[in-house]
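What follows is a set of notes on a single structure, which appears directly below.
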Amino acid sequence: MQTTFLGDLEVSVLGLGCMGMSQAYGKADLAESERTLHRALDLGVTFLDTANVYGMGHNEKLVGRVLKDRRDEFVLATKFGIWMEDGNRGVNGRPEQVRDRCEESLKRLGTDVIDLYYLHRLDKTVPIEDTVGAMAELVREGKVRYLGLSEVSARTLRRACAVHPISAVQSEYSLFTRDPEAHVLPACRELNVGFVPFSPLGRAMLTNRLQELDAQDKSDMRSTMPRFQGESFDNNLAMVRAFAEYAESRGCQAGQLALAWLLAQGEGIAPIPGTKRVAYLEENVAAADLELSEDEVDEIASIVDPLRVSGERYVASGMASLDRD
Ligand SMILES: NC(=O)c1ccc[n+]([C@@H]2O[C@H](COP(=O)([O-])OP(=O)(O)OC[C@H]3O[C@@H](n4cnc5c(N)ncnc54)[C@H](OP(=O)(O)O)[C@@H]3O)[C@@H](O)[C@H]2O)c1
């Protein structure tokens, strides 16, 4: 697997998103998740993404337990700043709790050091300088190697970089969600900050394998997301069908083409497709070897036209919590 740099941190060009092993997309399968984690490292996918909130600590414990004897083989990224209590989601970037959150994650992960530690969401009640200042202390103490921010605006990124180097911004970015292209991605390039696209497969939509959702299954987070509802879902699927036909004519799977398109956006971009299945992982990994011409990159972007994507990516409260330029 090829590598790229997020700031000074070298990672495999494709990482593995571990969230779905503990929550979000249907029934968990622990045994298959464990096989997937090992297979990822065997295939050279050495950039693993988790967060303290995924499964309320379950995901960090899973990654730590399964890979405890292979800790030196991968770059470990985790996050703090979002927490759920009594079904309510909160954001907390207050500096005085940052060390405690980090210590808890280190314990769950069974490690002495987190390679990349992200603030999961900006706490709009706390100046970013204060949160990043507390995160920088963790770097000085050797608990964390590099810092990242998730879903921040270019404005916030610039303020953060003035306090401490930021190695990566992680935000939703895919053929379906092109928002980062306007401000934050150019700012990343200017400031030598890497970019980590999350939900690069549009939460499975871009694979063309998600044909329906069980609206009753509230454990599947897509059941409330506007993009996956009713007419919006049907419109989006129709667009993906055309995209899948294009992929077929090119001899690859739709999901692979979606990942290759992201990789073609330039250096310092490391998408983290999420899966709990070995077969999907193996298919996704092969996308790193697909080379697209400039014409193909443009053609793909015109088939999955962001202006024709129906529905927001989050419900209104989720959209309001984002830090946008
Ligand atoms: N910073 C943030 O706020 C944030 C938000 C969301 C996610 N993330 C991170 O980003 C990672 C990736 O994003 P994501 O998991 O939300 O979305 P994603 O990678 O776009 O899609 C994951 C979904 O696609 C399915 N899938 C994966 N490969 C497939 C294939 N080859 N064919 C068919 N289906 C396939 C998975 O199925 P299975 O589950 O059945 O394997 C899962 O349902 C997460 O795991 C998490 O670490 C971060």
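Quick notes on this one:
- Ranked list, fewest to most other Cβ atoms within 10 Å of each Cβ, for D42, D72, D179, D217: D72, D42, D217, D179
- Backbone N under 17 Å from the Q265 label point (7 Å along Cα→Cβ), restricted to the range 138-181: 149-155, 157, 167-181
- Sparse-neighbourhood loop sites, trypsin sites (Lys or Arg not before Pro) in the range 105-187 - DSSP loop, at most 14 other Cβ within 10 angstrom: K124
- Ranked S302, S167, criterion: other C-beta atoms within 10 Å, fewest first: S302, S167
- Virtual paramagnetic centre 7 Å along Cα→Cβ of D72, amide N under 17 Å, in the range 113-140: 113-115
- Amide H partners (placed H, <5 Å) of L16, local residues excluded: F47, L48, D49
- Members of K61/K124; K68/K124; K27/K124; K79/K124 lying beyond 26 Å, as alpha-carbon distances in this model show: K61/K124; K68/K124; K27/K124
- Dipole orientation for the range 221-264: of the candidates Q256, S232, Y246, Q256 has the Cα lying most toward the positive pole (charges on Cβ; Lys, Arg +1; Asp, Glu -1).
- Bridge orientation summary for the chain: considering DSSP beta bridges with both residues in this region, about 25 percent are antiparallel.
- Helix 30-42 axis, angle to the chain major axis (alpha carbon atoms, nearest 10°): 90 degrees
- Share, in percent, of DSSP beta bridges within the range 1-135 that are antiparallel, nearest 5: 45 percent
- Length available on full extension from R140 to R89: 0.36 nm per residue minus the Cα-Cα distance, which gives 15.3 nm.
- Reachable aspartates and glutamates, given that their alpha-carbon falls under 13 Å from the alpha-carbon of K276 and they are not under 8 places away in the same chain: D29, E32, E34, D49
- Extension gain for R209 to A182 (0.36 nm times residue separation, less C-alpha to C-alpha distance): 6.8 nm.
- Zone of T125's modelled label, taken as backbone nitrogen in the range 307-325 under 20 Å from a point 7 Å along Cα→Cβ: 317-324
- Length-normalised contact order of the range 202-323 in % [C-alpha pairs under 8 Å, at least 6 apart]: 33 percent
- Stretch in the chain that is longest and holds no GluC sites (Glu not before Pro) that DSSP places in a loop and that have at most 13 other beta carbons within 10 Å: 1-140
- Max-minus-min Cα coordinates of the chain on each principal axis give 53, 41, 41 Å, with the largest extent listed first.
- What the Cα convex hull of the range 65-171 gives, in volume per residue, is 112 Å³.
- For L6, the residues whose modelled amide H falls within less than 5 Å of its own, excluding neighbours fewer than 5 places apart on the same chain, are V11.
- Inter-label distance, nm, simple model (7 Å from Cα along the C-beta direction), V315/S293: 4.7 nm
- GNM result for the chain, Cα springs below 10 Å: residue of P95, P273, P197 fluctuating most strongly: P95
- Cα-based convex hull volume of the range 28-69 per residue, rounded to whole Å³: 67 Å³
Values quoted throughout were computed directly from the atomic coordinates according to the rules given, and no laboratory measurement underlies them. These numbers were taken from a predicted model, which means no experiment stands behind them. Positions of Cβ are generated from backbone atoms using ideal geometry, with glycine treated the same way; all protein chains shown enter the neighbour counts.
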